[in-house]
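A.B. asks: Before we start, here is the structure in question, set down as structure tokens.
The values are calculated or read from the model by the stated rules, or taken from the named source; none is laboratory data. Being a predicted model, the structure only gives us computed values, none of them experimental. Here Cβ is always computed from backbone atoms with ideal geometry, including for glycine, and neighbour counts include all displayed protein chains. Side chains included, ligands, DNA and RNA excluded: accessible areas come from the protein's heavy atoms. Shrake-Rupley method; radii C 1.70, N 1.55, O 1.52, S 1.80 Å.
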Amino acid sequence: MPDPAGMMAQAVASLTAAGLRQALGLPPDAQPEASGRSWIERMLAPYQQTLGALAGVMPRVLERVGQVVDSASGPQLLFRARSDADAKRNSRPWSHAEQQFHRFIEMVGKTDAPLMTTELLTRLQRIADARQFAAAKDALQTLTADERRTDLPRLLDELKHEVRADRMQGFVKVHEALQWLLQSKAKPLSAAYAMLEQLSDKLGERCLRELRRRGDLNELLSTAAADNAWLQPLSECFATFGHPLSKAVSVVRCGPPNRYELLVMDHGLDRWFEIRQGDGAAARPWSGGGEVYGAEAGRDYLAGAQRYRLPLRDQDAAQGFATWSVDHRLVQESRECFSVDSGAEMRPLDMGGGRTPVALFFVHHRDTDAGEYYELGLGCFVAPRKDPLSMGVATLGSILVSTREGKEVGETIWGYRKEYVEHWTVLYRPTHVECCVKLDHATLTLRLPRGGASSSASALPMLLYTRKPADSSGQWHRSALMRFARGESVRSAGSGVELSLEVQDDYAHLAFAHPLLGELYRLGLIDQLGRRRSQALHAAWAENVSTQLGAPTPVPSPPPEFD
């Protein structure tokens, strides 16, 4: 995966601190607070000399990035389906996942009754056919009406420890539940507890707890029919964001009366999701788009014939990049990233003076979950317009990769625009690394200085922005990357950087139409003859890099403090 992770801290050295503060909407004298920043300060320590005055601003950015990376607790936005009107407005048709989402809604949105698959109905039928079910049914309803009653066996077990410790808290917890227990009939109550244990096994402990909390358990148990027709579009949609479904699934109506929302329970894998209507949607029938929320980001993806479990691990990689300062307007004109139809309002970072840093990076992934491969691409800094501190890296043009596996993984899971190129020559020398990539009508050569003894003070959190799927709905997603490196070095003034493009005779018009080569030319990194046009600002190298890259999730609406 593209990993220009150290680029954020290193590239800004030659740009003014005032410009960065202005771009981020901070006061001119913004300084980081002393409390809670020790890990950031340690991480930035190797770059203090290079960053200069900007060291006072970067902790604000890194703190915000850390907050985004750590925001995995609670419901997370996993998928967003646009309405038909939104799709027409930005001239991009529904993606396959959006089509399946709306197909599912059309199939199930006409009824308020719970739905379940035949697999789940078979599981529950075994309980319903048991002799004690009729006697325990009413007792079960009374039992599940109060969380303390349901958890009474666990509370009684805790009570033993409270008594031994001579504390009264345990008695207070179970007092009401014990009173109810003593007034109840023992036989049906015993059967109800036994049935609750069976339901936990058949429905899943977490799913059962959520059904009890929402008061939907008895309604689901009373469902006598099953239908599998709606499962296929729902499964296809969920698989695109890393949550393939089992065959034991139920759907129940949830949410306030004026909103038509759905609770999807995957009982086979014991996890649940909320499907909420998009903004401005009416209560009934379902109108507009919708959003899917879950407890954790997707982890299981199918790319090609291989299944991957995220975060994707890169155990050992060599990584280098060179950074240039280019005209901010040229970066803004990149239709790939910043056109009106690209979804969220993303902006490239303006570091002052109308300049934006871009980095040409090379990565040798030696040991990853996707195998060994080379990667070469161009990245820039971006952030949502209303959340400028959530700064991350997006790619411009295409990313060249040396294996089909590397292409499939990046495109399928994250939506990167990748191009498989067969012919690579990578030479490691004591003082530099040279990478030559032979394309159809040209050969691109990048030479980077090598060597260094610095190490990351701690794992560095980064945000990577992509549009997923890249060739369809084009919605912005972001992924959290954690990076640790050894053998690092940073060189100012781009010493030792060489960039050239050798174009075959009479093929210049084809070469510069290439997605990556065209961006290098348009941004002024190379001229019409393929020669390096300007001096790089910085060059960086890391001999041993390890990363973990998480799942992509839709860029959410800005938090209140950034509105």
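A.B. asks: What is the distance, in nm, between label points placed 7 Å from the Cα along the Cα-to-Cβ direction at LEU510 and at ALA225?
C.D. replies: That separation, rounded to one decimal, is 6.1 nm.
A.B. asks: Would you mind putting 241-253, 516-528 in packing order, based on average other-beta-carbon counts within 10 Å, highest first?
C.D. replies: 241-253, 516-528
A.B. asks: Rounded to a whole number, what % of the accessible area of the range 398-547 do carbon and sulfur atoms account for, probe 1.4 Å? Before the final figure, lay out the partial values.
C.D. replies: On the way: 2930 of 6310 Å².
Of all accessible area on the range 398-547, carbon and sulfur atoms account for 46 percent.
A.B. asks: What does the extension gain come out to for THR111 and LYS386, with contour length at 0.36 nm per residue minus their alpha carbon separation?
C.D. replies: Extending this stretch completely gives an extra 95.1 nm.
A.B. asks: Of all the accessible heavy-atom surface of the range 193-259, with the other protein chains kept in place and a 1.4 Å probe, what percent is carbon and sulfur? Write out the running numbers ahead of the final one.
C.D. replies: Details: 1440 of 2940 Å².
Taking all protein chains in place, the range 193-259 shows 49 percent carbon and sulfur surface.
A.B. asks: Exceeding 25 Å between C-alpha atoms, which entries from my cross-link table qualify? They are LYS88/LYS468; LYS407/LYS468; LYS110/LYS468; LYS386/LYS418; LYS88/LYS407.
C.D. replies: In this structure, LYS110/LYS468; LYS386/LYS418; LYS88/LYS407 lie more than 25 Å apart at Cα.
A.B. asks: Now, a different point. At 1.4 Å probe size, with no ligands or nucleic acids counted, give the accessible surface of ARG212 in Å², nearest ten.
C.D. replies: 40
A.B. asks: Among HIS477, LEU427, ALA453, whose Cα lies farthest out toward the positive end of the dipole of the range 414-563, if unit charges sit on the beta carbon of Lys, Arg (+1) and Asp, Glu (-1)?
C.D. replies: Result: ALA453.
A.B. asks: Taking the full set of protein chains and a 1.4 angstrom probe, give the accessible area of HIS102 in square angstrom, rounded to the nearest 10.
C.D. replies: Approximately 30 Å² for this residue.
A.B. asks: If R0 is 41 Å, what FRET efficiency do you get for ALA305 and ASP327 from their C-beta distance, rounded to 0.05?
C.D. replies: Working from the Cβ atoms, E equals 0.40.
A.B. asks: Might you tell me the accessible area per residue for the range 375-470, computed with a 1.4 Å probe and given in Å²?
C.D. replies: Heavy-atom SASA per residue in the range 375-470 reads 34 Å².
A.B. asks: Using the Cα centre as the reference, give the magnitude of the dipole from point charges on the C-beta atoms of the range 308-391 (Lys, Arg: +1; Asp, Glu: -1; all else neutral), rounded to the nearest 20 debye.
C.D. replies: 280
A.B. asks: Follow-up question, since we're still on this one. For the range 476-563, with every protein chain kept in place, what is the accessible area per residue (1.4 Å probe, Å²)?
C.D. replies: Value for the range 476-563: 46 Å² per residue.
A.B. asks: Compute the label zone of GLU372 within the range 306-341: residues whose backbone N is under 20 Å from the point 7 Å along Cα-to-Cβ.
C.D. replies: 313-320
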